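First the structure, in the form of structure tokens, and then the observations on it.
The values are calculated or read from the model by the stated rules, or taken from the named source; none is laboratory data. If you're wondering where the values come from, they're calculated on a predicted model, not measured in any experiment. Quick note on the areas: whole protein, heavy atoms, side chains included, nothing else; ligands and nucleic acids left out. Shrake-Rupley method; radii C 1.70, N 1.55, O 1.52, S 1.80 Å.
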Amino acid sequence: QESVRRARVILARMISEGQLVPKSHGGKSGPFVSRDGHRVKYASSYERMRMQLLDSCAAVRSWTHSHGIVVEYQIDGKTRSYVPDFLVVTDDGTFVEEVKGWIRDERVFWVKFHAAVDFCNEWGWSYRVLRKDDLESL
């Protein structure tokens, strides 16, 4: 089980560093060039939309999709790893963000959500989930 956990952590880090883009579920994936010239891979049209909004917001000091954050959580007696979509530094603080077009499994979503909140609290950061409607209203 330890080798499976290590493999998941390695996979999660590869995703967070942009070396691997997970299969998107119906969304569009591709490259995005940020305002500071970095090439960033996105896995969905919602991630791309968030990148565009982050780039256009004057209060955003920096943001990255390649943050190296891996949140571990327990479900059904197993340890899993989760890589949030963005680390955002604004004039108001630091946020870890997840962009969701839809939620496949509510139970898994809430377990990951609470693990991410706990992780962020340890660092003095905030965690937020942005749904499709949130992105369209910003």
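Taking amide H positions as modeled 1.01 Å from N, with prolines and chain starts lacking one, the residues under 5 Å from TYR127 and 5 or more places away or on another chain are VAL96. Ligands, DNA and RNA are left out, and with a 1.4 angstrom probe the accessible area of the stretch 26-138 is 57 Å² per residue.
At 1.4 Å probe size, with the rest of the protein present, what percent of the exposed accessible area of the stretch 78-138 is carbon and sulfur atoms?
Values: 1650 of 3480 Å².
Of all accessible area on the stretch 78-138, carbon and sulfur atoms account for 47 percent.
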